[in-house]
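Structure first, then comments.
Each reported figure results from applying straightforward, stated rules to the coordinates on display, with no laboratory input. This is a predicted model, so every value here is computed, not measured. Every residue, glycine among them, receives a Cβ derived from its backbone with ideal geometry; neighbour counts consider all protein chains shown.
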Amino acid sequence: MHRNYAFELLGSYRPSIAKMLGVSPSAVYKWPEELPRSLADKVIAARIRLEWWTLLQKYPHIEPPPLIMEILKDVPAEQCLGIVEIGRASPIAPPGPKTAALSGT
């Protein structure tokens, strides 16, 4: 995953990304251009948590799949709020020419 695509998924405000991933802001500033698979997986997981957490705040009556609830139960609300409050994360777009080029597919 390209670093810029990770920023598209999580927003461009590095301190919020760091909070969401549980790392220091300096760690995010040091990301290489091409993220290692383990870090890319964490970015994707963080985006999934953000999407579900946001959805559950808006529609509390929705019952997510058990796996999602298992993932969300250990995530402090402030980890998701860090990005939701400042509105930096953009909606996930279906892969198109721009996102395919950035993700290397």
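Taking the number of other C-beta atoms within 10 Å as the exposure measure, put S26, S38 in order starting with the fewest.
S38, S26
Could you give me the ³J(HN,Hα) list for the range 61-67, computed from phi with Karplus coefficients 6.51, -1.76, 1.60 and θ = phi - 60°, whole Hz, x at Gly and Pro?
The phi angles translate into 7, 5, 10, x, x, x, 4 Hz.
In which sequence would M20, M69 go, from the one with the fewest C-beta neighbours within 10 Å to the one with the most?
M69, M20
Determine the gain in length on full extension of the stretch L67-S38; use 0.36 nm per residue of separation and subtract their C-alpha separation, reporting nm with one decimal.
Length difference between fully extended and current span is 8.4 nm.
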